[in-house]
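Q: Okay, handing you the structure first.
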Amino acid sequence: MLPQFELYLPKSVEETSEILLTYNSNARIYAGGTDVLVQMAKGQSKPEALVDIKGLAELRGISYSAAKELSIGALTTHHELENSDLIKKKYAALHDGVSRVGSVQTRNRGTIGGNLCSALPSADSAAPLLALGAKVIINGSGGERELPLEKFYLGIKHTALEPGEILTKIVIPALARHNAQAYIKFSRRNAMDLALMGVAICYELDGLHVSKARIALTTAAPTPVRAYGAEAFLTGKALTEANLKEAGVLAAEEAKPRDSWRSGAEYRRGLIKVLLPRISRLALERMGKARSENERD
Amino acid sequence: MKEIELRFRLNGEEQRLTVPSNVTLLHVIREHFGLMGTKEGCGEGECGACTVLMDGRPVTSCIILAEEADRHDIMTVEGLMKDGKLNRLQQAFLDEGAVQCGYCIPGMLMSAQGLLNENPHPTSQEIRKGIEGNICRCTGYNRIVNAIHKASQDEGDS
Ligand SMILES: Cc1cc2nc3c(=O)[nH]c(=O)nc-3n(C[C@H](O)[C@H](O)[C@H](O)COP(=O)(O)OP(=O)(O)OC[C@H]3O[C@@H](n4cnc5c(N)ncnc54)[C@H](O)[C@@H]3O)c2cc1C
Ligand code: FES
Ligand code: FES
């Protein structure tokens, strides 16, 4: 049996914000509930109130702006993203991430907003979004504001959301026409398992050279993180085997994985070294395929 | 704690119900409606024994608040039979010997039904992905996969 709580079904951000402020820190947002209800069922969380935000229409939908920025509402489920042709074709790294969250049932319910706001180091949408250069849009008591995703994460289970604020959208800025991207979640089982290591990459290319590299890791530090050293190394270079190998070594050095029952820190470092070149090759293959398909059209 | 009024469709029939806010959909299905097909295994979204269809898609009812059923369509394993006859998935599970202790089977069937709703002719890889959220301790899954494959090839409307 779940502990007792008051339930709210607000219809707007303002109303949500007011309820949250009334309860200080004792109310929790409830989106897909796949984290919140599990914690409550286990007795790890006893909020005085749950605020079900699924009535907030403005938090839904995937859309393009005139400036070719992609906006994803916080309530978009992993399943909706997994089934979107746009995400599959243009944001393959994100597609790789969301289609590996939990199980069919988890993805039918779990939202991308909830995945980011839970702020776990293993969040499977987080590394892809970092690699894609995503920003988050926050709204609430103090009006709307925008943060790079890197600044949203303050620590394990700790985000930059102030009291009364919620995450409304995730925005992915326009990418260079030629970009290679992918995310790999390395886990023991294919389903229902958290990542031992997750590596996401997005290389924007100018001819054969990398004009911008973004590399992000899950389960490699207390929060999902960028591997800035490896990125700097690859910028301006060609994606040769030797360069990718060196980038893997650099990313492994700058990561701060920990020992846990799932795996040791040294093993996780070893994974980064192997996985970074591996998914870079996959991303390049994908890009090649997409190019030759476009040429045929 | 306020009580909440719900209106929803359960196995094709309109229902009205008042519940406390802190009960799960699983609790309502079993304790209020007495539909015992839907099982509780882990109670944490991990095992899939409590899987039901919500608007045609599989969800784990142990981590859904009853409140959320309001104005939605819920189907449990009891809703699969039509006119007193097993549907083709249920029949295929029997024909293929896909059932041992049976505890996981209602959830398995609902995941399989959800898969076929979205993808009527799945490959064996797609079937395995479709039931990734359902744990079975007995069968080793092969016969379950075979049964779903068989049902997906049978002509018929259910
Ligand atoms: C069986 C199982 C397997 C799982 N496997 C994985 C996995 O493989 N990979 C993975 O990354 N995750 C996994 N998860 C975790 C979870 O499903 C995801 O993190 C999911 O995306 C959470 O979304 P939700 O909508 O269900 O969040 P909720 O549980 O509704 O909320 C999560 C947290 O975020 C807050 N919140 C939600 N939305 C907002 C918002 N818009 N603004 C502010 N705060 C908000 C809530 O208050 C809460 O603290 C798994 C969970 C289960 C039960
Ligand atoms: S009882 Fe719901 S998933 Fe195990
Ligand atoms: S038949 Fe026994 S758990 Fe699946």
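All of the numbers you see were taken from the coordinates with simple rules; none came from a lab. The model shown is predicted, which means the values in this text are computed figures rather than measured ones. Please note: Cβ atoms are built from the backbone with ideal geometry, for glycine as well, and neighbour counts cover all protein chains shown.
Q: Sort all Cα-Cα distances of the protein assembly as shown into consecutive 20 angstrom bins from zero, then give the percent of pairs in each bin up to the one containing the longest distance.
A: Percent of Cα pairs in each bin: 24, 53, 22, 0.
Q: If you don't mind, another one. With axes computed from alpha carbons, what is the tilt in degrees of helix B:105-118 against the longest principal axis of chain B, rounded to the nearest 10 within 0 to 90?
A: 80 degrees
Q: What ranking of A:211, A:118 emerges when the number of other C-beta atoms within 10 Å of each C-beta is taken as an exposure proxy, fewest first?
A: Placing the least packed residue first, the sequence is A:211, A:118.
Q: How big is region A:169-263 in terms of Cα radius of gyration and Dmax, in angstroms?
A: Rg, Dmax (Cα atoms, Å): 14.4, 44.
Q: Follow-up question, since we're still on this one. Over chain A, what is the relative contact order in percent, taking alpha-carbon pairs closer than 8 angstrom and at least six residues apart?
A: Details: 631 pairs, mean separation 44.2, N = 297.
Answer for chain A is 15 percent.
Q: Can you give me the Cα centroid spacing of region A:170-196 and region B:1-77 in angstrom?
A: For region A:170-196 versus region B:1-77, the Cα centre distance is 33 Å.
Q: Once you have the alpha carbon radius of gyration of region A:4-135, what is it after dividing by 2.2 N^0.38 Å, with N set to its residue count?
A: So region A:4-135 has a normalised radius of gyration of 1.09.
Q: Counting each pair of different Cα atoms once, what's the Kirkwood radius of region B:88-153 in Å, rounded to one decimal?
A: 11.3 Å
Q: Please state the shape class of region B:1-84: rounded when a/c is under 1.5, otherwise prolate if a/b exceeds b/c and oblate if not, all from the C-alpha gyration tensor.
A: oblate
Q: Pairing the Cα long axis of helix B:142-153 with the longest principal axis of chain B, what angle in degrees results, from 0 to 90 and rounded to the nearest 10?
A: 90 degrees
Q: Here's something else I'd like to know. If N is the number of residues in region A:61-110, what value comes out of its Cα radius of gyration divided by 2.2 N^0.38 Å? Could you put the intermediate results ahead of the total?
A: Details: Rg = 10.9 Å, N = 50, 2.2 N^0.38 = 9.7 Å.
Working it through for region A:61-110, the quotient is 1.12.
Q: If all Cα-Cα distances of chain B are sorted into 5 Å bins from 0 onward, what percent lands in each bin, rounded to whole numbers?
A: Each 5 Å bin holds this share of Cα pairs: 2, 10, 19, 23, 19, 14, 8, 4, 2, 0, 0.
Q: Using every alpha carbon pair in region A:229-297, what percent of pairs falls into each 5 Å bin from 0 up to the bin containing the largest distance?
A: Result, from short to long distances: 3, 16, 20, 18, 14, 11, 8, 5, 2, 1, 0 percent.
Q: For region A:101-223, what log10 I(q)/I(0) values come out of the Debye formula at q = 0.15, 0.18 1/Å, with one point per alpha carbon and no solvent?
A: Debye curve over Cα of region A:101-223, log10 I(q)/I(0) at q = 0.15, 0.18 Å⁻¹: -0.74, -1.00.
Q: Once you mark the trypsin sites (Lys or Arg not before Pro) that are in a DSSP loop and have at most 16 other Cβ atoms within 10 Å, what is the longest gap between them in chain B?
A: The longest uninterrupted stretch comes out as B:3-70.
Q: What number, in percent, do you get for the relative contact order of chain B if the mean sequence gap of Cα pairs under 8 Å and at least 6 apart is divided by its residue count?
A: Contact order relative to length: 23 percent.
Q: Going by C-beta contacts inside 10 Å, put A:22, A:76, A:240 in order with the fewest on the left. Write down the numbers at each step before the final one.
A: On the way: A:22 13, A:76 22, A:240 10.
Sorted ascending by nearby Cβ count, the order is A:240, A:22, A:76.
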